[in-house]
Amino acid sequence: MASLIKNIKSSFRKMTTSIKTFFWDMRRAFNARKKKIGAYLDKKNLNLATKFPGWARALIYLSPALIVLSVFTFWPIINSFRLMLYEGYNMSNNTITGYTIFGNFIKVINDESFLFAASHTEGTAVMNTLIIVFISVPVSIFLSLFISVALNGIKPLKGFFQTIYFLPYVTNTIAIGLVIAYMFKADGGLVNELFGLGKFSWVEQGAEYWRSMFVLIFYATWGTLAFKIMVFLTSIQGIDKQYYQAAAIDATPRRRIFSRITVPLISPMIFYILVTSVIGAFKIYNQIVALFGVTGRPAGANYTMQSIVMYIYQYIDGGGNNLSIAAAGSLILFGIILVLTLVQMQASKKRVHY
Amino acid sequence: MELRLENLTKIFTNKTGTDTTAVDDLSITIDSGTLVGLLGPSGCGKSTTLFMIAGLLKPTRGKIFFGEDDVTKLAPEKRGIGLVFQNYALYPHMTVYKNIMFPLENMDVPRDEAIQRVKEMADLVGIGTMLDRKPAQLSGGQQQRVAIARALVKKPRVLLLDEPLSNLDARLRLQMREEIKRIQRETGITTVFVTHDQEEAMSISDKMVVLNFGVEQQYSAPQEMYNTPANLFVAKFLGNPPINSFEADVKDGAVIFNDQKFMQFKEVKDGSYIIGIRPEHFRVAEKDSKDKIKVDIKEIFHVGRDTMIHFELNGQNIRALVDSDSVGDNDKSVELTCKRKRLYVFDKDTGKVINHG
């Protein structure tokens, strides 16, 4: 038995040695080839470093990223500006009936399901999105801050709890949505059972607007907690322990340590999370589809849970003849996000300590 | 405020269960209003001692008294101490003013008085004009002053300084040394000061404690410790250039250097000992001097007003710092002597000094 183990060990060692040798030789061969090519290019006077000026070289090195970004990002952005200017665009034969500057915007803004509802009293794409953004973002940031401070404070089972809180990040959004929908089921759902609410309808037939909205915000908040906790926890762990020791000696209460030391010291991270999660929340789509389906409307409801992105999708879907409206909608979304981000950057100047 | 440590012991246990005794049965009393230096090589337990006084570390055994109060079990914030950290730990996002104000915010002090105290303290440490700046806009010495002001503004019972000068350049260090001494004198606060720099400790302390492996080696005034070291460790740790230490036999009470009798010590029994003589305690012997030894000069260096001579005693390289007029450049040999009480005889095993007290 012992000799067998010895044999296995020695053959394993031989194997690793030969693999390492292989990679070593590969690297040598590669370097030799590189030298050869370099010498050839020098001879032909094609050397990148000497032949081209700096800006041209930069462009060559950037080209892979630039090409991909152009095809999938820059061109679509330009296209949406172009589409926004068309009137009566028909995708199948690529014809238009005329041009307009504000026409498509006016159409979108006058749309009852976009900004101001006419017949029904609750729920338009913009109102829904704004409610989600202005509730879920602050709530999730505060919650994740407290959770990460608490996680940083505990010693036993630290890794276990960190894993628990990080799980939503690696779980499929739609799958979580189905679980959440099941938890809030009227008949035998976990929430109703737990709080003894009977057959209280949250997201199904007969659910009121604010109940659906509550579940959606709960879901949106919880789903984004994981990443925030991870970012905050790592930045809290990066704070020098001596600040806390100094504060302890000065008899600083916990509340003040949190507000006067921890928060200011990780303020750049909080700001980063704030900006990215406002943008992320404005783009909410998956969560609504998971809870209410592609129509964004709970069964039998007279209101809609649609978000701005869902509104845009709806017009992309419709045979391609309403692309101009979708383009105008996405530019409005872009405008809102841009303005909000600028406001945040301005407001943060005094409160963020780099 | 008198500060008393009784049998203070700290044992760290690492993950594999090995015990390390950082501080071993330390008992010292620090008189009210004095500045005491905790001195020792790195890892000797001096910072551990300081953090135990601060309450940031819990002693394994022993007690700490502030005056008559037993503070051993008291949380750091209830002890009334001011602590200056090695890297100052100033809050980077607060101005100097807010940094100094911070400890007062947690105390029951009227706002007017708090502002008054911050200003007074800032003036005392000499940063009164920089209250609006952030720590990053200050030099190391200025940051140090802010840290001291922050520690003192709440009028602590004891001020603790953890290697406060180690992050400063040589010139600033000298300046801040005097500043700390001045501030301590003006406020009359009992101060404990940790350092590994013997020169720093000697120049600033009223009394100092030398630690090695957590064990107290000697506790006395700096000059007294320098002149009458309790053991070989203290003798070697203090002084620059370091003390000469070498083996020598004692026969009939006389120390034997290079097979010659040098000096009589009646209290020393015959045997083999370690002898210690500081380089500057050698001097060139007068003609009629009784105890002298003739040595062959190996090398000679002139360092300003002194001359450094290298020679051999009992097979060991020895340095002597003598008056530059007393020895010529071409001298091949010289007769040296030293004062009786400046020659230390140490026990070979324990390192304890034998010929003093």
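The values are calculated or read from the model by the stated rules, or taken from the named source; none is laboratory data. Small disclaimer: the values here were computed from a predicted structure and weren't measured. Every residue, glycine as well, gets a Cβ built from its backbone with ideal geometry; the counts of neighbours run over all protein chains shown. Accessible surface is based on the protein model in full, side chains and every heavy atom, while ligands, DNA and RNA are left aside. Shrake-Rupley method; radii C 1.70, N 1.55, O 1.52, S 1.80 Å.
Table for the structure above
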{"item": "Residue among A:229, A:279, A:270, A:312 that is aliphatic (A, V, I, L, M) and within 14 Å of another protein chain (Cβ to nearest Cβ)", "result": "A:270"}
{"item": "Total residues in the range B:93-116, condition within 14 Å of chain A (Cβ to nearest Cβ), over 31 Å from the mean Cα position of the chain (by Cα) and either open to solvent by less than 30 Å² (accessible area, probe 1.4 Å) or not hydroxyl-bearing (Ser, Thr, Tyr) (or both)", "result": "12"}
{"item": "Some residue of the range B:27-44 being open to solvent by 30 Å² or more (accessible area, probe 1.4 Å) and part of a strand (DSSP E or B)", "result": "yes"}
{"item": "Identity of the residue in the range B:65-83, more than 9 Å from chain A (Cβ to nearest Cβ), outside any loop (DSSP other than H, G, I, E, B) and not charged (D, E, K, R), that ends up surrounded by the fewest Cβ atoms within 10 Å (Cβ to Cβ)", "result": "B:65"}
{"item": "Of residues in the range B:214-260 being of a type in the set (Phe, Trp, Tyr) and part of a strand (DSSP E or B), the one modelled with the highest pLDDT", "result": "B:219"}
{"item": "Number of the exception - residue A:112 against (1) without any contact (Cβ under 8 Å) to a residue 24 or more places away in the chain; (2) open to solvent by less than 60 Å² (accessible area, probe 1.4 Å); (3) within 16 Å of residue A:332 (Cα to Cα); (4) over 26 Å from the mean Cα position of the chain (by Cα)", "result": "(2)"}
{"item": "Top-ranked residue in the range A:167-197 [being of a type in the set (Ser, Thr, Tyr) and in contact (Cβ under 8 Å) with a residue 60 or more places away in the chain; ranked as farthest from residue A:219 (Cα to Cα)]", "result": "A:169"}
{"item": "Qualifying residue in the range B:4-16 (condition: open to solvent by less than 60 Å² (accessible area, probe 1.4 Å) and either within 14 Å of another protein chain (Cβ to nearest Cβ) or not in a strand (DSSP E or B) (or both))", "result": "no"}
{"item": "Unmet requirement for residue B:126, which otherwise passes all of (1) more than 14 Å from every other protein chain (Cβ to nearest Cβ); (2) in contact with a Gly (Cβ under 6 Å, 6 or more places away or on another chain)", "result": "(2)"}
{"item": "Residues located in the range B:24-38, provided they are under 20 Å from residue B:181 (Cα atoms) and either in contact with a Pro (Cβ under 9 Å, 6 or more places away or on another chain) or of a type in the set (D, E, K, R) (or both)", "result": "B:31, B:37"}
{"item": "Matching residues in the range B:160-179 - criterion: being in contact with a strand residue (DSSP E or B) (Cβ under 7 Å, 6 or more places away or on another chain) and open to solvent by 10 Å² or more (accessible area, probe 1.4 Å)", "result": "B:163"}
{"item": "Residue check for residue B:105: modelled with pLDDT under 90, among the acidic types (Asp, Glu) and touching a strand residue (DSSP E or B) at 6+ places or on another chain (Cβ under 8 Å)", "result": "no"}
{"item": "Only one of B:154, B:119 that is basic (Lys, Arg), within 22 Å of residue A:249 (Cα to Cα) and open to solvent by 30 Å² or more (accessible area, probe 1.4 Å)", "result": "B:119"}
{"item": "Subset of the range A:245-266 that is closer than 14 Å to residue A:149 by Cα and facing another protein chain (nearest Cβ under 9 Å) - its residue that is least open to solvent (accessible area, probe 1.4 Å)", "result": "A:261"}
{"item": "All positions within the range B:311-357 that are farther than 30 Å from residue B:270 by Cβ and without any contact (Cβ under 8 Å) to a residue 24 or more places away in the chain", "result": "B:324, B:325, B:328, B:330"}
{"item": "Residues located in the range A:57-102, provided they are of a type in the set (Val, Ile, Thr) and in a strand (DSSP E or B)", "result": "A:95"}
{"item": "Residue within the range A:114-124 that is out of contact with any helix residue (DSSP H, G or I) (no Cβ under 6 Å at 6 or more places or on another chain) and at pLDDT 85 or above present", "result": "yes"}
{"item": "Residue in the range A:62-76 that is open to solvent by 70 Å² or more (accessible area, probe 1.4 Å) and more than 30 Å from residue A:322 (Cα to Cα) present", "result": "yes"}
{"item": "Some residue of the range B:275-287 being farther than 20 Å from residue B:260 by Cα and touching a His at 6+ places or on another chain (Cβ under 8 Å)", "result": "no"}
